[in-house]
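The values are calculated or read from the model by the stated rules, or taken from the named source; none is laboratory data. Predicted model, so just to flag it, every value in this text is computed and none were measured. Because the Cβ atoms are built from the backbone with ideal geometry, glycine has one as well, and the counts that use them run over all protein chains shown.
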Amino acid sequence: MEYFLELFFGGLTRGSIYALIALGYTMVYGIIQLINFAHGEIYMIGAFVALIVAGVCTIYGLSGISILILAAIIAVIYASAYGYTLEKVAYRPLRGAPRLSPLISAIGMSIFLQNYVLLAQTPDFLPFPRLIPDFAFMEPVAHIIGSPELVILVTTMVTMILLTLLIKKTKVGKAMRATQQDMDMARLVGVNVDRIISLTFIIGSALAAIGGVLVASYIGQVNFYIGFLAGVKAFTAAVLGGIGSIPGAVLGGLVLGWAESFAAGYISSDYEDVFTFGLLVLILTLRPAGILGKARKQKV
Amino acid sequence: MLQNLKQSLIVSLWFVFLTFPLMVIRVNTMDQVVVWRWMNMLWVALASFILSYLWRYMLTRQQMRKAVAEEGGETRSKLQLLLEDMSFRYKAMGVLLLAALIFPQVFDTYQSTIMISALIYVVLGLGLNISVGLAGLLDLGYVAFFGVGAYSYALLNHHFDLGFWITLPIGGIIGCLFGVVLGFPILRLRGDYLAIVTLGFGMIFKVVMENWSSLSFGPSGIANIDKPSFFGMDLSLADSTIYIYYIMIALVIFTILVTNRLKNSRIGRAWIAMREDEIACVAMGIDMARTKLSAYALGAFWAGMVGVLFASKTTFINPASFTFMESAIILSIVVLGGMGSILGVILGAFILILLPEYMRAFSEYRMLAFGAAMVIMMIFRPQGIISNLRQTYQYKGLKGKTNNG
């Protein structure tokens, strides 16, 4: 039972990170129907900026969880800036182009950003300073769920609640939903669609950066290549839940996290990625639009 | 002018801000040292200032060209008009063939080796062109079929001592079978769902090959694969490279002939119809499942075949040769060259494979340039180097008859 709980919480932690990154994919896809392949790289840049801030601070003798918060804030600012620039440079000129063009552009951007970080920084894995302390009140359950996992769970939950409030309650959220439903109609009723798209990229990138900081401080190391696999898995999560749907992304992330955790714990950890994609193929053959996705009837 | 200057200044400042942590600070958390590289800031400012000028200039030119096209002006480039001239085409083909044949005699083994890998990508590009360019099925895991071909030769050679020439068609057929098997679950999927599932297949292939050690010898791979035999003779390394080069030329010509015929065949037109509109295509009585599966199978066939050749060329394979990067490169070959256009794909393969090869001096920056080139190409020439022209039919006899009547 204890082993089961450990895997359960491990899967939950992992899944909530996937969900955080998947939200960025799903929001962008919902609005401009583009797989933002470079999203994983934004996540990596977020983690790297946090590493740089935290590294500089620890070397100059500062430490503790407040440094982690500072690093996270700067990482979020920078990742959002990168996301905004990415959209402006690589995707905006391609609006209205055939579907494959922005996708190729996104793959190109992903390769570019990876190599940019590789050249500007280092190809090696860099250790991330340990900034999350062991909370005393977590002592009795530490063998099932540790303090870093708790921090991740609380942070992701708060972030998702804030995101839901933003989308459901604010005027900007309303404009975002309108743009998602019908871009031309939204433009007609006075929504500045370009600004909404930029904003979507900024929010998605910020979420990815939060995920990046959490993972980096949890796993304890960062390099230029971490974005690729995280990006692919988060995208899988988004598709699993039904791309374009925000609750779907969260659900898909959690399902994926649990599936990986249990499969690795009970069957074999070597084939973890096979289970991930096997699950994806299985669900998509049964429900081609994902778990929560609406199957769109095509009218001719 | 002043407006432009101001705009570029803003862009430049923005990029200085953007690249500040990554370009200026280099922190090594292992040895606890921080290096501040302030000079980089200057370079970024200068480069982004100049590039933003260039970028805006190109964008306005692009807009102007679009406006001309909308007014019904000539949009085909001089190159395309030249290519439509049949007699020029035949002459050019003859010259190219001759150049290809004497290439290994003129240049050394190293050049031939590079040329072989470029030709391998030509075949891969033409194969993927069937599913992506003609049938419109985006495949991000194409490298799996290539790997299947390479592994089938390596394993058959290792366990049963089968030779190259027997395995070449076997590899193609195994690739084909995999195409059908993987095609089944994704018949109902469209667009981006298809993309992610095929990407998943590519990843699964690599993970399985890495971990199923009893079959594939794991990450250490399979070594000492036989090179192609030449009537039972032992060839020196240089000779066998030239030999493989000629096999590759023959394979490329074979691929071009077959894909060209396929493109204009009944099934080829069914693919194009499916790409344009699935519903209308089904309504016209085309069997969707068969058309999709045949596109996958025939695309995978070439990858399987050329995989066999790849294994025999390198004599060593391991799962690291079959990553997502390879799939992305093959896809970019198809898209950069011009989807659906055979000549475009060939050109695309040569540019994408040979340029990085000859730019080894800047090897650190070549992947950076590769990524940037993909983006720039998509923005300024989305139809590829050579855009695909629709086959048009003209009834030649008509002209004379109408004159009489």
What residue, among those in region B:16-43 that are under 20 Å from A:Phe112 (Cα atoms) and more than 10 Å from every other protein chain (Cβ to nearest Cβ), is surrounded by the most Cβ atoms within 10 Å (Cβ to Cβ)?
B:Val16
Does B:Val106 fit the bill of being more than 20 Å from the chain's Cα centre (by Cα), at pLDDT 85 or above and surrounded by fewer than 22 Cβ atoms within 10 Å (Cβ to Cβ)?
no
If only one of A:Thr156, A:Thr164 is under 24 Å from A:Tyr82 (Cα atoms), among the β-branched types (Val, Ile, Thr) and either outside any helix (DSSP H, G or I) or in contact with a helix residue (DSSP H, G or I) (Cβ under 7 Å, 6 or more places away or on another chain) (or both), which one is it?
A:Thr156
Regarding B:Glu84, is this residue of a type in the set (Asp, Glu), over 30 Å from the mean Cα position of the chain (by Cα), surrounded by fewer than 12 Cβ atoms within 10 Å (Cβ to Cβ) and at pLDDT below 85?
no
Options A:Val250, A:Val239; residue that is among the hydrophobic types (A, V, I, L, M, F, W, C), farther than 24 Å from A:Ile107 by Cα and either surrounded by 24 or more Cβ atoms within 10 Å (Cβ to Cβ) or at the interface with another protein chain (Cβ under 8 Å from one of its Cβ atoms) (or both)
A:Val250
Exactly one condition in (1) more than 10 Å from every other protein chain (Cβ to nearest Cβ); (2) modelled with pLDDT under 85; (3) more than 29 Å from B:Pro219 (Cα to Cα); (4) within 12 Å of the chain's Cα centre (by Cα) is false for B:Leu336; which is it?
(1)
Top-ranked residue of region A:132-158 - restricted to ones that are crowded, with 19+ Cβ neighbours inside 10 Å, of a type outside the set (S, T, N, Q) and touching a Ser or Thr at 6+ places or on another chain (Cβ under 6 Å), ranked as farthest from A:Ile17 (Cα to Cα)
A:Glu149
Answer yes or no as to whether A:Tyr43 is hydroxyl-bearing (Ser, Thr, Tyr), crowded, with 24+ Cβ neighbours inside 10 Å and more than 25 Å from A:Ala178 (Cα to Cα).
yes
Taking region B:374-388, which residues are at the interface with chain A (Cβ under 9 Å from one of its Cβ atoms) and either buried (at least 20 other Cβ atoms within 10 Å of the Cβ) or not in a helix (DSSP H, G or I) (or both)?
B:Met374, B:Val375, B:Met377, B:Met378, B:Ile379, B:Pro382, B:Gln383
When you go through (1) modelled with pLDDT of 85 or more; (2) away from chain A (no Cβ under 14 Å) one by one for B:Tyr358, which number turns out not to apply?
(1)
For A:Arg14, indicate whether it is basic (Lys, Arg), in a helix (DSSP H, G or I) and either more than 14 Å from chain B (Cβ to nearest Cβ) or crowded, with 24+ Cβ neighbours inside 10 Å (or both).
yes
What is the one condition in (1) more than 15 Å from B:Gly149 (Cα to Cα); (2) surrounded by 24 or more Cβ atoms within 10 Å (Cβ to Cβ) that B:Phe324 does not satisfy?
(2)
Close pairs from region B:205-221: first on the phi < 0 side of the Ramachandran plot, partner at pLDDT below 85 and of a type in the set (D, E, K, R), Cβ under 6 Å, at least 6 apart
B:Val207/A:Asp273; B:Asn211/A:Asp270
Restrict the check to region A:211-232 and report whether at least one residue is at the interface with chain B (Cβ under 8 Å from one of its Cβ atoms) and out of contact with any Lys or Arg (no Cβ under 8 Å at 6 or more places or on another chain).
yes
Can you tell me which condition B:Ser216 does not meet? The list is (1) more than 27 Å from B:Ala297 (Cα to Cα); (2) among the polar types (S, T, N, Q); (3) surrounded by 15 or more Cβ atoms within 10 Å (Cβ to Cβ), and all the others hold.
(1)
Does B:Ala303 qualify as being modelled with pLDDT of 90 or more and either touching a Phe, Trp or Tyr at 6+ places or on another chain (Cβ under 6 Å) or not assigned by TED's automatic domain parsing to the domain that holds B:Met339 (or both)?
yes
If B:Leu138 meets every condition in (1) at pLDDT below 85; (2) over 20 Å from B:Ile204 (Cα atoms); (3) touching a helix residue (DSSP H, G or I) at 6+ places or on another chain (Cβ under 8 Å) apart from one, which number is that one?
(2)
Considering each residue of region A:99-151, count those that are within 10 Å of another protein chain (Cβ to nearest Cβ), of a type in the set (Phe, Trp, Tyr) and in a helix (DSSP H, G or I), and give that number.
2
